[in-house]
Amino acid sequence: MSYVDEVLARVKAKNASEPEFLQAVEEVLESLRPVIEAHEEQYKKEALLERLTEPDRQIKFRVPWVDDNGQVQVNTGYRVQFNNAIGPYKGGLRLHPSVNIGIIKFLGFEQVFKNSLTGLPIGGGKGGSDFDPKGKSDREIMAFCQSFITELYKYIGADVDVPAGDIGTGAREIGYMYGQYKRITGLYEGVLTGKGLTYGGSLARTEATGYGLLYLTRELMKCHGMDMKDKICCVSGSGNVAIYAVEKAQQMGAKVVTVSDSTGWIYDPEGIDVALLKEVKEVKRARLTEYAAARPSAQYHEGRGVWQIKCDIALPCATQNELLIDDAKALVANGVTAVCEGANMPTTLEATKYLQDNGVLFVCGKASNAGGVATSALEMTQNSERLSWTFDEVNEKLEQIMINIYHNIDDAAKRYGMEGNYVAGANIAGFEKVANAMLAQGVC
Ligand code: NDP
């Protein structure tokens, strides 16, 4: 049995109740086969893959808080510090009822490679809670965030572990968490990213993941002799990543015709009105039915359906496993050129394979959505320097980072004879740096 198969079997036996984590490990290890085989004896002796698939530590804690009726509520908090071989742990906090240890582990594992791809000195971690922010008052959100940080503060720090936003955690939540961290520790330090602009946040962080996705997509298209002008794009989701992906795609001359949320989706053949979308989602925190009510050209549909619409470029920006095999078939039948992931692992393994086998240019999230964490790392740099860069300075750095990522993953795939396989390229390029750092640092 090969070393990869041995480790895969062990990881499956040990984490049987964590399907998302197993899916992420399988995707990465399968595509690393040629690299591992080239160093099989050394990696096996060093137990490199066993160490890479076992988090440094997992922290799980109770989060009690009081709701507006005076009732005590209890949620579970998590932080998985996965790997700090190349820098302090870095990764977002997800607040969503679906959160469990397996989800956080899959996200933390992916984050290790993504952070490595940015070229910046950041390790991988992820955290969150099964708390559902939907329908909660501002006071309830604050009560939860304060309680969450009252436990988590023990394990994080500007040079230790720097959490950020993710699903359900935006600027409001980061603000409440930062306030509580400062209050408990007395430290004014860059311990969280995604902060408000008046207290250490970075310009362009809000836009970074969506914009970065489009910078990479444009480079991909350019290197295949195409541009973004007049391309029809389908986007899923309508949160932070989706909104700024729509905005940048339209600035580049493409037309985005869909967005979605967890209850339904919009088809707007005239092109999504970003200002209206921001008003509905960022200001009113309302459902997409309000977008449809205010926009005569928009059609609202219940349930799923975004990937049935004919498009040139598909940008899944909602959540994991939202683009399934039937969606991949519909996209291919409709002549899609490229699929670039804005969300983390939105495409199932089966759907990914189908897209790749049918000649679709496919870039996985750990490369194409790395702009968010890259800009978080730029926020850390500004905090350390006690400086704030301009929007254009940050945006230009982001653009260059995304272009570099594209070329790095392209080169890595070519080096191992897998030209055009950007999943393998991303995993290989991300892995090499982390693996070399781990080996150099001895058994730890
Ligand atoms: P938001 O909370 O801002 O938005 C999430 C969007 O996805 C919402 O439209 C939400 O709809 C929808 N959604 C969430 N869960 C589901 C579900 N189970 N089924 C269908 N739709 C769902 O999150 P972000 O935009 O920040 O994150 C989106 C994705 O991008 C995630 O995978 C995240 O991990 C990834 N990501 C985010 C980064 C960032 O900087 N924010 C960086 C890199 C990756 P509803 O409002 O109805 O819940």
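Scanning the chain for long hydrophobic helices, with DSSP H runs required to stretch 30 angstrom or more by C-alpha along their axis and to average at least -1.0 on the Kyte-Doolittle scale, returns 391-415.
Rounded to whole numbers, the Karplus 3J(HN,Hα) couplings from phi for the range 259-266 are 8, 8, 9, 6, 10, x, 8, 10 Hz, using 6.51 cos²θ - 1.76 cosθ + 1.60 with θ = phi - 60°, and x at Gly and Pro. Between residue 6 and residue 396, the contour length at 0.36 nm per residue exceeds the alpha carbon distance by 136.0 nm. For the range 287-377, the set of GluC sites (Glu not before Pro) satisfying both a DSSP loop assignment and a count of at most 10 other C-beta atoms within 10 Å is empty. The DSSP beta bridges internal to the chain are antiparallel in roughly 55% of cases.
Apply 1/(1 + (r/R0)^6) to the Cβ-Cβ distance of residue 73 and residue 321, taking R0 = 35 Å, and write down the FRET efficiency to the nearest 0.05. It comes out at approximately 0.80.
The length gained on full extension between residue 199 and residue 226, counted as 0.36 nm times the residue separation minus their Cα-Cα distance, comes to 5.6 nm.
Summing charges over neighbours of residue 176, with a neighbour being any other residue whose Cβ is under 13 Å away from its Cβ, gives +3 when K and R count +1 and D and E count -1.
Distance between the modelled labels on residue 51 and residue 171, one decimal in nanometres: 4.2 nm (7 Å Cα→Cβ projection). Subtracting the Cα-Cα distance of residue 60 and residue 159 from 0.36 nm times their residue separation leaves 33.5 nm of extension gain. Note on the chain: Cα-Cα pairs beyond 40 Å make up 14% of the total pair count. Report summary: the helix-based calculation at 222 nm, which adds -39500 (n - 2.57) for every DSSP H run with n ≥ 4 and divides by the residues of the chain, gives -15000 deg cm²/dmol. If I take R0 = 22 Å and measure r between the Cβ atoms of residue 333 and residue 263 in this structure, what FRET efficiency does the formula 1/(1 + (r/R0)^6) give, to the nearest 0.05? The value I calculate is 0.25.
Net charge of the neighbourhood of residue 292, taken over other residues with C-beta under 12 Å away and scored Lys/Arg +1, Asp/Glu -1, is -3.
Accessible area per residue for the chain, computed on protein heavy atoms with a 1.4 Å probe, is 39 Å².
For the chain, a crude dipole built from +1 on the beta carbon of Lys and Arg and -1 on the beta carbon of Asp and Glu, taken about the Cα centre, is about 740 debye to the nearest 20. Summing charges over all other residues whose Cβ lies under 15 Å from the Cβ of residue 434, with Lys and Arg as +1 and Asp and Glu as -1, gives -1. Expressed per residue, the C-alpha convex hull volume of the range 1-70 stands at 120 Å³.
Taking a point 7 Å out from the Cα of residue 444 in the direction of its Cβ, the residues of the range 148-190 whose backbone N falls within less than 19 Å of it are 155-162.
Diffusion coefficient (Stokes-Einstein, Kirkwood radius over C-alpha pairs, 25 °C, 0.890 mPa s) for the range 1-126: 155 µm²/s, rounded to a whole number.
The values are calculated or read from the model by the stated rules, or taken from the named source; none is laboratory data. Keep in mind it's a predicted model, so treat the numbers as computed, not measured. All Cβ positions, glycine included, derive from the backbone under ideal geometry; neighbour counts span all protein chains shown. Side chains are part of the model used for accessible areas, which takes the heavy atoms of the whole protein and leaves out ligands, DNA and RNA. Shrake-Rupley method; radii C 1.70, N 1.55, O 1.52, S 1.80 Å.
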